[in-house]
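Data block below; observations after.
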Amino acid sequence: MRISGRAHVFGDDVNTDYIIAARYRDKALNLKEFAQHAMEDLDPEFSRKVQPGDFVVAGRNFGLGSSREWAPRVLKELRVGGVIARGFARIFFRNAINAGLPAVEADTSGIQAGDELELDLERGKLLNKTQGHELSVAPLPPVMIRILRDGGLVEHFKKYGDFQVF
Amino acid sequence: MGKTIAEKILSAKSGRDAKAGDIVLAQLDFVYGVDSIGSLNIQLFKEMGRGRVFDPARCAFVMDHMAPAHNASYARMQQIVREFCQEQGIRVYDVGEGISHPVLIEHGHFGPGDLVVGTDSHTCTNGAVNVFSTGVGSSDWAAAMVSGKMWFRVPETVRFELRGRLPRGTYSKDLVLYLVGRMGADGLTYQSAELGGEAVESMSVEARFTISNMAIEMGAKVGLMRADAKVREWFAGRSGRPLRPVEPDPDARYARVVEVDVSRLEPQVAKPHRVDNVGPLSEVEGTPIHQAFIGTCTNGRLEDLREAAAILRGRRVREGVRLIVNPASREALVEGMKDGTIQTLIEAGALLNPPGCGMCPGITGGIPADGENVISASNRNFKGRMGNPNASIYLASPASVAASALEGRIADPRRYL
């Protein structure tokens, strides 16, 4: 699985209230409209700027806070190709994979806004085409690779009717 | 080699001899959802196309985040949940019953040694009574509702030895704020917090819920405690089932042991805009506040309301300050009405809201204005958390919130005791 796009860079501790703010919760039944507010308090232009395949790049503890699966789903709705962070809060990480949104850990400290990136999940590599170097990404546990390859947990269950993860 | 509480529960529920780091597929004892995310849960369950849930008796929904709904969109989200539960024969605790975490355990739906998941990050609250209980998202919920199972990576455990007893005017909320500040928001990512020692043993079960509740704020998967005599007594009359507590082995292997002497702890505050931005209340004493909140799954139980009432009795909230109270459950409200606690709070000037999450997740129940400071007994103070990114939230114990409401500024509760 290879994904290419530009980096949108954020800092540490991007919590779920930053990813999708509380005051928009009543729009949740219309995902397209709801997703327009993704990352709004950090970057009001994000939903307008982001192109299909682009990456959300962040520091430590991305996604801390709520278990609401809207957080990865609004990013997916905007066709974000993946989230790359130095570290993830565990509920968000699991939700992202379940929603079919690649979430990988790597040392993002050198990535600049606008860098052209290519993520190769099979090889576990992140190529920074703009800066001309390659990073390793932390491998996902096999169960998560399986779910991601199927396109998410719902797709996995549609296919198998149960967990086929071992 | 001995096992931690987390290793033992996940071993029992997966039928394997599981150790930290293993991936297991485990049988769930209970699966719950809440109104604010319920519509997504149900949409994904229907997309999986399986029809009936695995066992309606092991499921419930609680309407707590929008209690009651204040616009048609939120009402529709709740309607979706009610319709689904009716079709499936699943119990609904509707608006006014209270917050999922206290309500479900109070009604005896699960107990010590059980494995429970809920679509709210504070599902870890139940760890205080020896339940492996953790927050999950809608896809995991939907798969659980189909299969009755979930896969887990067995977490390593950080053991907290909490020594001594909390001094007067300092509560379990101050202790957990201190721990979150010390460990950091990602201090226990992917790990289980196992908490014990004299400080835990000497506090009430209600006080222990506050600590397990905020395990997630350290990044922990669960916040587990032993089921001692106090826990067994708490369950008496609540659940018809025999209790099956799980003890950690004396030779269990811990990733880390953190020792804390609580006997000199002062009241603590989490300052804007991070839960781990913790320091002694004395550092921010005198900061003006406009709104004060007592409630939530962290600190809305009867004992919390009583702690606030002890400070407010015979006194009045400062003019210009809004003190808002949301009891965590109908039980807390009713008992508080019987013993005069609610009367005391109202006579002091509190506004009484229905049992539910209230302003904590920023949907309803008291949104602050631009530039306002809120002092709150809740669990998160991220920017915009209470519905306005231009307000600031300080987290504290119910007693500190009450004292601050009296003065109109952050105040030390010990002066009022």
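Some notes on this structure:
- For the range A:1-72, taking the reciprocal of the average inverse distance between every pair of different Cα atoms yields a Kirkwood hydrodynamic radius of 12.8 Å.
- CD proxy at 222 nm, helix term only [per DSSP H run n ≥ 4: -39500 (n - 2.57); per residue of chain B; nearest 500]: -9000 deg cm²/dmol
- The range B:223-283 versus the range B:349-417: alpha-carbon centroid distance in Å: 23 Å
- Ascending count of other beta-carbon atoms within 10 Å, so fewest first, for A:L78, B:L25: B:L25, A:L78
- Summing Lys and Arg as +1 and Asp and Glu as -1 over all other residues whose Cβ lies under 15 Å from the Cβ of B:Q27 gives a net charge of +1.
- For B:K19, a cut-off of 12 angstrom between C-alpha atoms picks up these aspartates and glutamates, skipping any fewer than 8 places away in its own chain: B:E7, B:E156.
- Hull volume in cubic angstrom per residue (convex hull over the Cα atoms of the range B:258-406): 112 Å³
- Proximal lysines relative to B:K338, as straight alpha-carbon distance under 30 Å, when same-chain residues fewer than 8 apart are discounted: B:K173, B:K230
- Calculated translational diffusion coefficient of the range A:1-137 (20 °C, 1.002 mPa s; Stokes-Einstein with Kirkwood radius over alpha-carbon pairs) equals 147 µm²/s.
- With helices as the sole contributors, chain A gives -6500 deg cm²/dmol at 222 nm; each DSSP H run of n ≥ 4 counts as -39500 (n - 2.57), and the sum is divided by every residue.
- Full-extension gain in nm, B:H107 to B:A236, via 0.36 nm per residue minus C-alpha separation: 45.3 nm
- Between B:A229, B:A391, B:A69, the GNM of chain B built on Cα springs shorter than 10 angstrom shows B:A229 fluctuating the most.
- Over the C-alpha trace of the range B:371-417, radius of gyration and Dmax come out as 11.1, 35 angstrom.
- 28 Å Cα cut-off, lysine pairs counted over chain A (separation 8 or more, or different chains): 14
- Compactness of the range B:101-222, taken as the C-alpha radius of gyration over 2.2 N^0.38 Å, stands at 1.07.
- Annotation: the residues B:D22, B:D140, B:D228, sorted from fewest to most other C-beta atoms within 10 Å of their own C-beta, follow the order B:D22, B:D228, B:D140.
- Neighbour counts of C-beta atoms inside 10 Å place B:S139, B:S400 in the sequence B:S139, B:S400, starting with the fewest.
- Both the radius of gyration and Dmax for chain B are 20.3, 61 Å, in that order, over alpha-carbon atoms.
- Cβ-derived FRET efficiency at R0 51 Å, B:E319 paired with B:D22, nearest 0.05: 0.30
- With 10 Å bins from 0: P(r) over the protein assembly as shown, alpha-carbon pairs, percent: 4, 18, 30, 28, 16, 4, 0, 0
Each reported figure results from applying straightforward, stated rules to the coordinates on display, with no laboratory input. Predicted model, so just to flag it, every value in this text is computed and none were measured. Counting neighbours? That spans all protein chains shown, and the Cβs are built from the backbone with ideal geometry, glycine included.
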